[in-house]
Amino acid sequence: MVRKICIAGLAAALVVGMAALVSCSNKSAAGDGSIVLNYPHYWVGAHLNKPVWDSIYKRFNEKNAGKITIKTEELPSDQSYTEKMRVLAASKELPDVIDGKDGLKALAIANGQAVDLRPFLDRDPDFRDKVIGPAALAANTEADGKIYSVVAGTQVIGYYYNKEMFAKAGIQPARTWDEWFSNCDKLKAIGVYPLALMTGENSWTTNLILSAMIASRGEAGQTFMNTKFPKTYQTPEVIAALGDIQKCLQKYTTPDALGAMYANAANNFLIEQAAIISNGPWMIADFSNRDKTDPGFENKVGWSMFPGEGLVTSYAEGYMLCSPPERQEAGWTLLVALSDRDRQLDELHLTGALPTAVDLEIPADVRQKTPLVAEHADAVGSVKYHGDTFSVISQSSVVDAFARYYPELAAGTLSPAQMAVRLDEAAARAQ
């Protein structure tokens, strides 16, 4: 949906790249007198969460008709969303509610648009303590006690594997990283690409494995992968893990991995070009999506923790309120709708994402219909190490640096130690 350009005083729209950046914040009421909220999003087209958004949107409009109108803008991908929000943050034109992913949270705080949610949370203890829950709140609480975002899902991530390919190669999920590489060699021997990796966008499927490789390297590695904005990437654990990822990129992934987007990596797993992909339970719905896979593919997919019984566990930044004072109450209403029990149940049933709500159990029908979801939830009790995602612990400049330098690492023109230096340089640029 294209936004109208509003000119007031010295304000003007800035057009950057493919996105028209618009300032319409002074237009706060629709023709019916309702408050208008601007809400761009990327849950469109074939995105796994499109049905979740459709459900949220329908409920919200039914409940708030004549009071609040959502003015949506559909962006085609996570990357296009992040790129546009970064530019809007630079001009202090962020919309009313945003996803704080990939460094957007820090930008919204820095430009002064981020609203402290603690007063809203404190007046709604049920939403605060039960729907979001203490662990998710703690993950998004700043050192000064302010809370700028809430998240409605728990990320519990290992990897999916093709059981038929594993059986043909005569392997089981690896118990050690040495066995992981041995499995990769055996998969290659039967003519299968072992890993569905990608280095474009936020290097998601590659960096999940990197996170586990670092966190599995003792207390120091686990501490590193659970520290926000690490002081340096030049540690023995990070450099050694980068060396392992270098081997994965050089020997064990698909030819299109360098520069590839998430969609490329996912497709390589779904069409059985690759045996392993690391991703979260929201991907489970794709395994039975006949637009993406052949009939029966869901029966071929197994799930495993990382070698040594490790997981990538995370509470993402979640949703932020960036409305001016006159729209903050309405914006909070939308933020709640994006995070409430109904949304969490929708996402659990439709995509397998695990809820944060402390009073929501995995329903029996979900356990029966989608046992992979139950495996994720049950694994938390036996995890021996865990790391967060780089999208959470690192500045956006560092996330971008992975995408920039992974091709050089794969080519051998950049060593793991040199790449660690590049990551430090990227972190310094964010200061």
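Assorted remarks:
- Failed item, numbered, when Gln234 is tested on (1) under 16 Å from the mean Cα position of the chain (by Cα); (2) within 15 Å of Met419 (Cβ to Cβ); (3) not in a helix (DSSP H, G or I): (1)
- Residue in segment 119-128 that is within 24 Å of Met283 (Cβ to Cβ) and surrounded by fewer than 23 Cβ atoms within 10 Å (Cβ to Cβ) present: no
- Qualifying position, being of a type outside the set (D, E, K, R) and closer than 28 Å to Gly133 by Cβ, among Leu311, Leu249, Leu242: Leu311
- Scanning segment 44-59 for residues that are under 19 Å from Asp340 (Cβ atoms), surrounded by fewer than 19 Cβ atoms within 10 Å (Cβ to Cβ) and either in contact (Cβ under 8 Å) with a residue 24 or more places away in the chain or not hydroxyl-bearing (Ser, Thr, Tyr) (or both) yields a count of 6.
- Number of residues in segment 118-155 that are out of contact with any Leu (no Cβ under 6 Å at 6 or more places or on another chain) and either part of a loop (DSSP other than H, G, I, E, B) or of a type in the set (Val, Ile, Thr) (or both): the value is 17.
- Gly302, sole failed condition from (1) surrounded by fewer than 22 Cβ atoms within 10 Å (Cβ to Cβ); (2) at pLDDT 95 or above; (3) in a helix (DSSP H, G or I): (3)
- Filtered residues of segment 292-327 (kept if acidic (Asp, Glu) and on the phi < 0 side of the Ramachandran plot): Asp294, Glu298, Glu317, Glu326
- With respect to the conditions (1) within 30 Å of Leu187 (Cβ to Cβ); (2) at pLDDT 95 or above, Gln155 falls short on a single one, namely (2).
- Within segment 71-87, residues that are surrounded by 16 or more Cβ atoms within 10 Å (Cβ to Cβ) sit with their Cβ atoms under 6 Å from residues that are of a type in the set (S, T, N, Q), at 6+ positions apart or across chains, in these pairs: Lys71/Asn38.
- Those residues of segment 26-42 which are surrounded by fewer than 19 Cβ atoms within 10 Å (Cβ to Cβ) and part of a loop (DSSP other than H, G, I, E, B), in sequence order: Asn26, Lys27, Ser28, Ala30, Gly31, Asp32, Gly33, Ser34
- Counted residues, segment 334-362 - those being more than 20 Å from the chain's Cα centre (by Cα) and surrounded by 19 or more Cβ atoms within 10 Å (Cβ to Cβ): 1
- Taken as a whole, the condition of being assigned to a loop (DSSP other than H, G, I, E, B) and at pLDDT 95 or above does not apply to Pro407.
- Any hit, segment 260-278, residues being free of Cβ contacts under 8 Å to residues at least 24 places away in the same chain, surrounded by fewer than 21 Cβ atoms within 10 Å (Cβ to Cβ), in a loop (DSSP other than H, G, I, E, B) and not acidic (Asp, Glu): yes
- Qualifying position, being without any contact (Cβ under 8 Å) to a residue 60 or more places away in the chain, out of contact with any Cys (no Cβ under 8 Å at 6 or more places or on another chain), surrounded by 15 or more Cβ atoms within 10 Å (Cβ to Cβ) and farther than 25 Å from His386 by Cα, among Asp185, Asp116, Asp144: Asp116
The values are calculated or read from the model by the stated rules, or taken from the named source; none is laboratory data. The model shown is predicted, which means the values in this text are computed figures rather than measured ones. For neighbour counting, all protein chains shown are included, and Cβ atoms are generated from backbone atoms with ideal geometry for every residue, glycine included.
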